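First the structure, in the form of C-alpha coordinates, and then the observations on it.
The values are calculated or read from the model by the stated rules, or taken from the named source; none is laboratory data. Since the model is a prediction, treat every value here as computed from it, not as a measurement. We place every Cβ from the backbone using ideal geometry, glycine too, and count neighbours over all the protein chains shown. Protein only, heavy atoms only, side chains kept; ligands, DNA and RNA dropped before computing areas. Shrake-Rupley method; radii C 1.70, N 1.55, O 1.52, S 1.80 Å.
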Amino acid sequence: MDVTLVLTHDCNLGCGYCYAGAKFNKRMTPEIADKGVDIAFSDSPSRIQLSFFGGEPLLAYAQLVESAKRARALAKERGVELRMSVTTNGTLLDDEKAKELAELDVYIALSIDGTREAHESGRPKMGGGSSFDDVKRGLDVLVRRALAFETISVVTPQNAHLVGETVQMLFDAGVPRVGLNPCYEASFTDEELAGWERGLERAADVMIDWYRKGRIVSI
(Lines give C-alpha, C1' and ligand atoms only; values in the text may rest on other atoms or scores of the structure.)
Protein backbone atom coordinates (compact mmCIF):
# COMPACT_ATOMS: atom_id res chain seq x y z
CA MET A 1 0.00 0.00 0.00
CA ASP A 2 1.36 3.42 -1.01
CA VAL A 3 -0.31 6.52 0.47
CA THR A 4 0.76 10.17 0.18
CA LEU A 5 -0.57 12.83 2.55
CA VAL A 6 -0.51 16.34 1.07
CA LEU A 7 -0.31 18.15 4.41
CA THR A 8 -0.59 21.70 3.05
CA HIS A 9 -1.05 23.57 -0.21
CA ASP A 10 1.10 26.41 1.10
CA CYS A 11 4.80 26.91 0.37
CA ASN A 12 7.48 29.44 1.26
CA LEU A 13 9.21 29.09 -2.12
CA GLY A 14 7.99 30.18 -5.54
CA CYS A 15 9.61 27.69 -7.92
CA GLY A 16 8.77 28.57 -11.51
CA TYR A 17 8.49 24.93 -12.59
CA CYS A 18 6.32 23.69 -9.69
CA TYR A 19 3.63 21.28 -10.89
CA ALA A 20 1.60 21.45 -7.65
CA GLY A 21 -0.42 24.44 -8.82
CA ALA A 22 -1.24 27.72 -7.10
CA LYS A 23 -0.18 27.92 -3.46
CA PHE A 24 -2.72 28.78 -0.80
CA ASN A 25 -2.88 28.41 2.96
CA LYS A 26 -5.00 25.31 3.39
CA ARG A 27 -3.81 22.49 5.61
CA MET A 28 -5.00 18.94 5.97
CA THR A 29 -7.17 18.56 9.06
CA PRO A 30 -6.20 16.03 11.75
CA GLU A 31 -9.36 14.07 10.94
CA ILE A 32 -8.44 13.72 7.25
CA ALA A 33 -4.83 12.88 8.16
CA ASP A 34 -6.06 10.11 10.45
CA LYS A 35 -8.30 8.76 7.69
CA GLY A 36 -5.32 8.78 5.32
CA VAL A 37 -3.27 6.72 7.75
CA ASP A 38 -6.22 4.38 8.22
CA ILE A 39 -6.42 3.89 4.44
CA ALA A 40 -2.75 2.93 4.40
CA PHE A 41 -3.44 0.17 6.92
CA SER A 42 -6.67 -1.03 5.34
CA ASP A 43 -6.85 -4.32 3.45
CA SER A 44 -4.24 -5.92 5.76
CA PRO A 45 -1.07 -4.93 3.82
CA SER A 46 2.27 -6.48 4.72
CA ARG A 47 4.22 -3.43 3.58
CA ILE A 48 3.28 0.27 3.60
CA GLN A 49 4.90 3.34 2.06
CA LEU A 50 3.59 6.53 3.71
CA SER A 51 4.81 9.78 2.17
CA PHE A 52 4.39 13.38 3.32
CA PHE A 53 4.17 16.06 0.66
CA GLY A 54 2.89 19.57 -0.08
CA GLY A 55 3.29 22.50 -0.74
CA GLU A 56 6.03 22.49 1.84
CA PRO A 57 5.13 19.77 4.38
CA LEU A 58 7.33 21.18 7.14
CA LEU A 59 4.95 24.15 7.29
CA ALA A 60 2.58 21.57 8.80
CA TYR A 61 5.29 19.93 10.87
CA ALA A 62 3.14 19.18 13.93
CA GLN A 63 0.67 17.23 11.81
CA LEU A 64 3.49 15.39 10.06
CA VAL A 65 4.89 14.22 13.39
CA GLU A 66 1.47 13.28 14.75
CA SER A 67 0.65 11.19 11.65
CA ALA A 68 4.09 9.57 11.63
CA LYS A 69 3.78 8.60 15.30
CA ARG A 70 0.31 7.18 14.72
CA ALA A 71 1.46 5.19 11.70
CA ARG A 72 4.51 3.88 13.53
CA ALA A 73 2.37 2.72 16.47
CA LEU A 74 -0.10 0.96 14.16
CA ALA A 75 2.72 -0.73 12.27
CA LYS A 76 4.20 -2.07 15.50
CA GLU A 77 0.80 -3.23 16.72
CA ARG A 78 -0.03 -5.06 13.48
CA GLY A 79 3.43 -6.29 12.53
CA VAL A 80 3.51 -4.31 9.28
CA GLU A 81 6.66 -3.14 7.52
CA LEU A 82 6.35 0.65 7.37
CA ARG A 83 8.49 3.03 5.36
CA MET A 84 7.91 6.76 5.67
CA SER A 85 9.40 9.67 3.75
CA VAL A 86 9.03 13.41 3.42
CA THR A 87 9.93 15.62 0.47
CA THR A 88 10.98 19.06 1.70
CA ASN A 89 12.69 22.17 0.38
CA GLY A 90 14.83 22.10 3.52
CA THR A 91 14.46 25.76 4.45
CA LEU A 92 12.71 24.94 7.75
CA LEU A 93 14.85 21.96 8.66
CA ASP A 94 16.93 22.28 11.81
CA ASP A 95 18.71 19.92 14.22
CA GLU A 96 15.66 19.39 16.40
CA LYS A 97 13.40 18.46 13.48
CA ALA A 98 16.08 16.26 11.91
CA LYS A 99 16.53 14.41 15.21
CA GLU A 100 12.80 13.84 15.63
CA LEU A 101 12.32 12.68 12.04
CA ALA A 102 15.26 10.29 12.46
CA GLU A 103 13.74 8.86 15.64
CA LEU A 104 10.50 8.24 13.72
CA ASP A 105 12.55 6.72 10.86
CA VAL A 106 11.19 9.20 8.30
CA TYR A 107 13.46 9.26 5.24
CA ILE A 108 14.16 12.77 3.93
CA ALA A 109 14.33 13.87 0.31
CA LEU A 110 15.62 17.43 0.17
CA SER A 111 15.08 19.57 -2.92
CA ILE A 112 18.11 21.61 -3.91
CA ASP A 113 18.94 22.34 -7.52
CA GLY A 114 22.69 22.21 -7.01
CA THR A 115 25.21 25.01 -7.11
CA ARG A 116 24.10 28.49 -6.13
CA GLU A 117 23.78 29.46 -9.80
CA ALA A 118 21.80 26.33 -10.69
CA HIS A 119 19.53 26.66 -7.66
CA GLU A 120 18.86 30.37 -8.03
CA SER A 121 17.80 29.93 -11.66
CA GLY A 122 14.49 28.40 -10.62
CA ARG A 123 13.91 28.17 -6.83
CA PRO A 124 13.37 31.66 -5.36
CA LYS A 125 11.63 32.48 -2.13
CA MET A 126 7.94 33.23 -2.40
CA GLY A 127 7.88 36.91 -3.32
CA GLY A 128 11.48 36.89 -4.55
CA GLY A 129 14.99 36.57 -3.21
CA SER A 130 17.44 33.69 -3.03
CA SER A 131 16.56 30.55 -1.06
CA PHE A 132 19.96 28.92 -1.56
CA ASP A 133 21.50 29.71 1.84
CA ASP A 134 18.42 28.53 3.72
CA VAL A 135 18.27 25.26 1.74
CA LYS A 136 22.01 24.69 2.09
CA ARG A 137 21.69 25.17 5.85
CA GLY A 138 19.08 22.41 5.94
CA LEU A 139 21.32 20.18 3.83
CA ASP A 140 24.23 20.75 6.20
CA VAL A 141 22.03 19.62 9.12
CA LEU A 142 21.40 16.27 7.41
CA VAL A 143 25.06 15.77 6.57
CA ARG A 144 26.23 16.75 10.04
CA ARG A 145 23.82 14.33 11.70
CA ALA A 146 24.88 11.56 9.27
CA LEU A 147 21.27 10.72 8.39
CA ALA A 148 20.09 8.58 5.49
CA PHE A 149 18.71 10.98 2.92
CA GLU A 150 18.84 12.04 -0.70
CA THR A 151 18.63 15.26 -2.67
CA ILE A 152 16.41 16.10 -5.62
CA SER A 153 17.62 18.53 -8.29
CA VAL A 154 15.28 19.66 -11.03
CA VAL A 155 17.05 19.97 -14.39
CA THR A 156 15.74 22.90 -16.42
CA PRO A 157 16.88 24.65 -19.61
CA GLN A 158 18.45 27.32 -17.41
CA ASN A 159 20.62 24.97 -15.31
CA ALA A 160 21.09 21.87 -17.51
CA HIS A 161 24.65 22.92 -18.39
CA LEU A 162 25.49 22.94 -14.67
CA VAL A 163 24.53 19.31 -13.98
CA GLY A 164 28.17 18.25 -13.61
CA GLU A 165 28.98 21.06 -11.19
CA THR A 166 25.78 20.32 -9.30
CA VAL A 167 26.60 16.65 -8.80
CA GLN A 168 30.16 17.48 -7.75
CA MET A 169 29.01 20.11 -5.25
CA LEU A 170 26.44 17.79 -3.68
CA PHE A 171 28.77 14.80 -3.39
CA ASP A 172 31.53 17.03 -2.04
CA ALA A 173 29.05 18.32 0.56
CA GLY A 174 28.43 14.76 1.75
CA VAL A 175 25.20 13.84 -0.07
CA PRO A 176 25.00 10.05 -0.54
CA ARG A 177 22.36 9.94 -3.25
CA VAL A 178 21.53 12.57 -5.88
CA GLY A 179 18.31 12.57 -7.89
CA LEU A 180 18.22 14.47 -11.18
CA ASN A 181 14.60 15.17 -12.14
CA PRO A 182 14.06 16.55 -15.66
CA CYS A 183 11.56 19.38 -15.98
CA TYR A 184 9.40 17.56 -18.51
CA GLU A 185 7.14 20.55 -19.10
CA ALA A 186 10.03 22.69 -20.37
CA SER A 187 11.26 23.03 -23.94
CA PHE A 188 15.01 22.41 -24.33
CA THR A 189 17.01 23.69 -27.27
CA ASP A 190 19.63 21.51 -28.94
CA GLU A 191 22.32 23.65 -27.32
CA GLU A 192 20.79 23.18 -23.87
CA LEU A 193 20.53 19.43 -24.41
CA ALA A 194 24.16 19.32 -25.50
CA GLY A 195 25.14 21.15 -22.32
CA TRP A 196 23.10 18.66 -20.31
CA GLU A 197 24.91 15.77 -21.99
CA ARG A 198 28.30 17.27 -21.13
CA GLY A 199 27.09 17.78 -17.58
CA LEU A 200 26.08 14.12 -17.27
CA GLU A 201 29.48 13.03 -18.55
CA ARG A 202 31.16 15.16 -15.90
CA ALA A 203 28.77 13.80 -13.27
CA ALA A 204 29.74 10.26 -14.23
CA ASP A 205 33.43 11.14 -13.84
CA VAL A 206 32.73 12.62 -10.39
CA MET A 207 30.88 9.47 -9.36
CA ILE A 208 33.71 7.24 -10.58
CA ASP A 209 36.24 9.32 -8.65
CA TRP A 210 34.31 8.80 -5.42
CA TYR A 211 34.06 5.06 -6.04
CA ARG A 212 37.83 4.91 -6.54
CA LYS A 213 38.23 6.68 -3.19
CA GLY A 214 36.13 3.95 -1.56
CA ARG A 215 32.89 5.90 -1.07
CA ILE A 216 29.61 4.56 -2.43
CA VAL A 217 27.43 7.26 -3.98
CA SER A 218 24.57 7.08 -6.45
CA ILE A 219 22.75 9.20 -9.02
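Name the chymotrypsin sites (Phe, Trp or Tyr not before Pro) in region 141-219 that are in a loop by DSSP and that have at most 15 other C-beta atoms within 10 Å, would you? Hits after loop and neighbour filter: 184. The average projected area of the chain, computed from the convex hull of its Cα atoms over all directions, is 12.8 nm².
Label-to-label distance for residue 24 and residue 146 is 4.7 nm, based on points extended 7 Å past Cα in the beta-carbon direction. Computed about the Cα centre, the dipole magnitude for the chain is approximately 620 debye when only Lys and Arg (+1) and Asp and Glu (-1) carry charge, each at its Cβ.
Entry note, region 52-110: relative contact order of 41 percent, from Cα contacts under 8 Å with a spacing of 6+ residues. For the chain, the per residue solvent-accessible surface stands at 51 Å², with DNA, RNA and ligands left out and a 1.4 Å probe. Going by alpha carbons, how many degrees (0 to 90, nearest 10) lie between the helix axis of 190-212 and the longest principal axis of the chain? Taking Cα atoms only, the helix is inclined about 70 degrees. Fully extending the segment from residue 96 to residue 184, taken as 0.36 nm per residue of separation minus the present Cα-Cα distance, adds 28.1 nm. Here residue 205 and residue 31 are evaluated by their C-beta separation; at R0 = 41 Å the FRET efficiency comes out at 0.20. List the lysines whose Cα sits under 29 Å from the Cα of residue 136, skipping any in the same chain fewer than 8 residues away. Cα-Cα hits under 29 Å: 23, 26, 69, 97, 99, 125, 213. When region 37-195 is described by a simple charge dipole with +1 on each Lys and Arg Cβ and -1 on each Asp and Glu Cβ, the residue from 154, 194, 68 located farthest towards its positive end is 68. Loop-located trypsin sites (Lys or Arg not before Pro) in region 1-103 (DSSP state other than H, G, I, E, B) with a sparse environment of at most 11 neighbouring Cβ atoms within 10 Å: 26. Rounded to the nearest 10 degrees, the angle from helix 30-41 to the longest Cα principal axis of the chain is 90 degrees.
Taking other residues whose beta carbon is less than 10 angstrom from the beta carbon of residue 107, and scoring Lys, Arg as +1 and Asp, Glu as -1, yields -1. Exposure check, 1.4 Å probe, all protein chains in place: residue 108 carries approximately 0 Å² of accessible surface.
Near residue 130: Cβ cut-off under 13 Å, other residues only, Lys/Arg at +1 and Asp/Glu at -1. The net charge is 0.
Structural descriptor for region 1-93: relative contact order 37 percent, calculated from alpha carbon pairs under 8 angstrom and at least 6 residues apart. Neighbours of residue 194, meaning other residues whose beta-carbon lies under 14 angstrom from its beta-carbon, give a summed charge of -3 when Lys and Arg score +1 and Asp and Glu score -1.
Against the chain, whose longest principal axis comes from its Cα atoms, helix 163-173 is set at around 60 degrees. When DSSP beta bridges are restricted to pairs lying wholly in the chain, around 10% turn out antiparallel.
Its relative contact order, with pairs defined as Cα atoms under 8 Å and 6+ residues apart, puts the chain at 17 percent. Would you please classify the overall shape of region 96-219 from the alpha carbon gyration tensor, given that a ≥ b ≥ c denote the square roots of the eigenvalues, rounded means a/c under 1.5, and beyond that prolate means a/b larger than b/c while oblate covers the rest? Verdict is oblate for region 96-219.
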